[in-house]
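Here's the structure, in structure tokens; my notes come after.
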Amino acid sequence: MNSFIALMRQDIALAWRQNSAGLSISFFMIAVALIPFGLGPDLKLLRDIAPGLVWVALLLAVLLSLESIFQADLEDGSFDQYLLSDTPLEILMLAKGLAHWVGVVLPLVLTAPLAGLLLNIDTPSLLPVCLILLAGSPAMSFLGMMGSALAAGVSRSGLLAALMVMPLYVPVLIFGSSALSQILKGAATGDWINAVFLLLSIGGAALFFGPLVAAAGLRAFLK
């Protein structure tokens, strides 16, 4: 447990020291801010397509941070220490996934209200929007960690990880955009809550399988 907590704290601090979160947030906000210029003055159109735009911008911002999950470990030789640790490698991968979620993805979700205002989303809808993004955010971290681990040590690993992970993000994009669309249309909770449950289910599956796949990928890399 001490190794688990220590690794989480180390990776969260590293994410902020390397400014991974700041770069992802900057990309997210710039992407959202540029969209209205391309669409022109049609505020209704902007609001209608806001659900898809928010999710696409968020997913792309997360993709930018994937290379940093294992970059420091490659540089300082921490992978060998993970294998020699008394803590199972799968548990350590769980710690790294949670650290990425807390250090990078969660700050991105917290900037969603500002992004929503730029996309003409009304103020009462901002809290439900954040909650839906929060429901889908664990899947983004743990699916991303799987791709990052499988691409570890490969030239341009960040690009390869993004290519592997993007198809896995499609269900998150579909169900997340569907839930946001229903909210912005003023639909009752029952009309969009199923999509939220599906997002949580995907996140739970990613939380379980992500560390297993990441650990297997790192073992294969180190052999």
- Task: Rank 90, 67, 75 by mean-square fluctuation in a GNM of the chain with C-alpha springs under 10 angstrom and give only the top-ranked residue.
- Result: 75
- Note on the structure: Excluding residues fewer than 8 positions from residue 185 in its own chain, the lysines with Cα under 19 Å of it are 44
- Note on the structure: Options [x] 15.9, 50; [y] 17.9, 59; [z] 24.8, 81 are given for Rg and Dmax of the Cα atoms in Å, and the computed one is [y]
- Task: Give me the lysines in straight-line cross-link reach of residue 223: C-alpha distance below 25 Å, same-chain residues under 8 apart excluded.
- Result: 96
- Message: Can you give the FRET efficiency to the nearest 0.05 for residue 222 and residue 26, using r as the Cβ-Cβ distance and R₀ = 25 Å?
- Response: 0.15
- Task: Output the DSSP H helices from the chain with an along-axis C-alpha extent of no less than 24 Å and a mean Kyte-Doolittle hydropathy no less than 0.0.
- Result: 20-39, 43-65, 126-150, 157-184, 189-222
- How would you order 207-214, 79-86 from highest to lowest mean count of nearby Cβ atoms within 10 Å? 207-214, 79-86
- Give the relative contact order (percent, whole number) for the chain; include only Cα pairs under 8 Å separated by 6+ residues. 27 percent
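None of the figures in this text is laboratory data; all of them are computed from the coordinates on show. Since the model is a prediction, treat every value here as computed from it, not as a measurement. Cβ atoms come from the backbone with ideal geometry, glycine included; neighbour counts cover every protein chain shown.
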